[in-house]
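Read the structure below first, then the notes.
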Amino acid sequence: MLILTRKENQSIIIDDDIEIKVVELSDGRVKLGIDAPRSIPVHRQEVYQEIQAENKEAAKGRLESLEVLKRLFK
């Protein structure tokens, strides 16, 4: 993991087209601004984990459905 120190209104650039800027520092919190192409999804970690869990559940249901169809067509 790369750890950087930035002050308010300073940025880091990732791969020429993603900018992460420290917008505000207050009360032990950091507000970040992220400028990235629309083709790159950006999520908070807890939202990303929820999406991954839902995708796994959806995939599991498809496999179960395929098994039922296999049995029907035997």
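The values are calculated or read from the model by the stated rules, or taken from the named source; none is laboratory data. The model shown is predicted, which means the values in this text are computed figures rather than measured ones. Every residue, glycine as well, gets a Cβ built from its backbone with ideal geometry; the counts of neighbours run over all protein chains shown.
Values as computed for the structure displayed
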{"item": "All strands (runs of 3 or more DSSP E) inside the chain with 1 or more residues being among the basic types (Lys, Arg), within 20 Å of the chain's Cα centre (by Cα) and surrounded by 11 or more Cβ atoms within 10 Å (Cβ to Cβ)", "result": "18-26, 29-35"}
{"item": "Residues within region 36-58 that are polar (S, T, N, Q) and within 27 Å of LYS7 (Cβ to Cβ), tallied", "result": "1"}
{"item": "Filter result for the condition that a residue is at pLDDT below 95 and closer than 20 Å to ILE3 by Cβ, over GLY33, GLY61, GLY28", "result": "GLY28"}
